[in-house]
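One structure is given below, encoded as structure tokens.
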Amino acid sequence: MKLAFLGTSAFAVPALKALVEAGHDVVAVYTRAPKPAGRGQQERRTPVHELALSLGLVVRSPKNLRSDEEAQVFKTFDLDAAVVVSYGHILPRSFLDAPVLGCINIHGSLLPRWRGAAPIHRAILAGDRETGVTTMDMDEGLDTGPMLLAERTPISAADTAETVHDRLADLGARLIVSTLDGLMRKTIDPVAQPEEGVTYAHKLGKEEGALDWRRPAAELERKVRAFHPWPGTWFEVPGTNGPARIKVLAAGLALAGGTPGTLAIGRDGFPVIACGIGGLKLLQLQRPGRAAQPADAFLRGFALAAGTVLPPPAVVALPPSRPA
């Protein structure tokens with residue numbers, strides 16, 4: 001097929017690579033424009049941009065897709081289809097209608113569950129036992145288009161957003177090749193998404209990573225995994241120079257009682273925090289400007305005595321109750 005590829009993040013990289021390896025003619029790659037990053041604030045290309053350049057592909061980074069000029073450029077490519085993966089821009093109708101077979105999206109969930117910006121994180125946070133990838137024929141709604149193919153994968157008790165992300169990215173790469181093959185052979189019939197079971201995976205915010213000890217420990221343990229590596233989870237310890245924010249990089253469940261936030265030291269030297277239900281065992285911690293450490297080693301360099309009651313977050317950030 002003659003394709004355009006629209007993607008930005010690392011999640012899209014395996015799909016672009018797979019399409020080229022499958023022999024498709026990718027005539028243009030659309031991605032976000034480079035942005036200043038790091039201490040030197042030098043412009044950094046997106047992961048998709050870097051791969052496209054290494055493959056010798058044409059790269060476009062328009063700031064706005066809604067101009068008549070951009071729509072005309074896209075139309076002149078005379079595409080069989082466009083593949084859209086974690087792009088970051090909303091496609092206007094002029095783009096959706098330009099390819100013969102439309103714009104095909106790879107979405108990191110089993111639609112209609114977890115439409116929206118952060119499906120991987122929300123699935124883990126909610127305690128879902130499985131997730132997957134769905135390819136769909138895009139429309140102007142928020143992940144509402146007809147479904148083409150889907151494939152499932154379990155979410156284990158050890159999975160983080162990072163491990164599920166990488167697994168789904170590879171799964172999506174295989175699925176988009178199968179999807180395009182089925183569309184060429186006319187062996188795939190699009191299926192409308194059911195109205196039942198729709199949930200929205202709202203965009204993550206940094207403040208949402210605060211650990212509220214009044215919540216059940218099982219919920220907080222899922223949050224630690226769901227928000228790793230970004231935006232991360234944390235709690236604050238009061239101090240004479242203001243509160244110190246401690247990142248929690250890994251945690252497990254433990255038996256605990258008492259006031260939520262009460263710290264105990266287990267026989268193995270690891271801290272356990274009493275929660276609304278049960279206890280959260282802290283396994284790996286990091287304080288500002290320092291390297292991550294096992295929590296028992298962390299306590300040897302940071303004074304946190306058994307019996308300390310850690311405060312709940314001053315503000316509990318919640319996702320919006322409605323889709324944006």
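The values are calculated or read from the model by the stated rules, or taken from the named source; none is laboratory data. Just so it is clear, the structure is predicted and the values come from calculations on it, not from any experiment. FYI the Cβ positions are ideal-geometry reconstructions off the backbone, even for glycines, and counts take in every protein chain you see. Each accessible area value is taken on the protein alone, full model and side chains, heavy atoms only, with ligands, DNA and RNA left out. Shrake-Rupley method; radii C 1.70, N 1.55, O 1.52, S 1.80 Å.
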request  = Would you mention how many residues in the stretch 215-265 are of a type in the set (Gly, Ala, Ser) and within 20 Å of Pro288 (Cα to Cα)?
outcome  = 6
message = Name the single residue that is modelled with the highest pLDDT among those in the stretch 204-215 being out of contact with any helix residue (DSSP H, G or I) (no Cβ under 9 Å at 6 or more places or on another chain) and open to solvent by 40 Å² or more (accessible area, probe 1.4 Å).
response = Arg214
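Are any of the residues in the stretch 107-116 among the aromatic types (Phe, Trp, Tyr), open to solvent by less than 50 Å² (accessible area, probe 1.4 Å) and outside any loop (DSSP other than H, G, I, E, B)? Please lay out each step first, then the result.
Restricting attention to the stretch 107-116, the residues satisfying the condition of being among the aromatic types (Phe, Trp, Tyr) are 114.
Pick out the ones that are also open to solvent by less than 50 Å² (accessible area, probe 1.4 Å) and you get 114.
The next check asks that each one be outside any loop (DSSP other than H, G, I, E, B); those that pass are none.
Within the stretch 107-116 (the criterion being among the aromatic types (Phe, Trp, Tyr), open to solvent by less than 50 Å² (accessible area, probe 1.4 Å) and outside any loop (DSSP other than H, G, I, E, B)), the answer is no, since none of the residues qualifies.
Go through the stretch 245-262 and give me each residue that's among the aliphatic types (A, V, I, L, M) and surrounded by 15 or more Cβ atoms within 10 Å (Cβ to Cβ). Lay out the reasoning, then the answer.
Here is the first cut: in the stretch 245-262, the ones among the aliphatic types (A, V, I, L, M) are 246, 248-251, 253-256.
Once the filter is applied, which keeps residues that are among the aliphatic types (A, V, I, L, M) and surrounded by 15 or more Cβ atoms within 10 Å (Cβ to Cβ), the stretch 245-262 yields Ile246, Val248, Leu249, Ala250, Ala251, Leu253, Ala254, Ala256.
Among the listed residues Ala254, Ala291, Ala295, Ala250, identify the single one that is of a type in the set (A, V, I, L, M) and free of Cβ contacts under 8 Å to residues at least 24 places away in the same chain.
The unique qualifying residue is Ala291.
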key: Some residue of the stretch 310-322 being of a type outside the set (Lys, Arg), modelled with pLDDT of 95 or more and open to solvent by 70 Å² or more (accessible area, probe 1.4 Å)   = no
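Against the definition (in contact with a Leu (Cβ under 9 Å, 6 or more places away or on another chain) and buried (at least 21 other Cβ atoms within 10 Å of the Cβ)), how does Met147 come out, yes or no?
On the way: in contact with a Leu (Cβ under 9 Å, 6 or more places away or on another chain): yes; buried (at least 21 other Cβ atoms within 10 Å of the Cβ): no.
Criteria not met by Met147.
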task = Working only within the stretch 263-289, note down all residues that are open to solvent by 40 Å² or more (accessible area, probe 1.4 Å) and in a strand (DSSP E or B).
result = Ala264, Ile265, Ile277, Lys281, Leu283, Gln284, Gln286
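For the stretch 80-106, name all the residues that are part of a loop (DSSP other than H, G, I, E, B), within 16 Å of Thr179 (Cα to Cα) and in contact (Cβ under 8 Å) with a residue 24 or more places away in the chain. Reasoning before the result, please.
Pass one, the stretch 80-106, residues part of a loop (DSSP other than H, G, I, E, B): 80, 86-92, 97-102.
From what is left, the residues that are within 16 Å of Thr179 (Cα to Cα) are 80, 99-102.
Hits for the stretch 80-106 are Asp80, Pro99, Leu101, Gly102.
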query = Between a first residue in the stretch 212-235 that is within 22 Å of Ala314 (Cβ to Cβ) and a second residue that is of a type in the set (S, T, N, Q) and open to solvent by less than 30 Å² (accessible area, probe 1.4 Å), which pairs have beta carbons less than 7 Å apart while being 6 or more apart in sequence or on different chains?
reply = Lys223/Thr233; Val224/Thr233; Phe227/Thr233
message = Taking the criterion of being open to solvent by less than 30 Å² (accessible area, probe 1.4 Å) and outside any helix (DSSP H, G or I), would at least one residue in the stretch 194-201 satisfy it?
response = yes
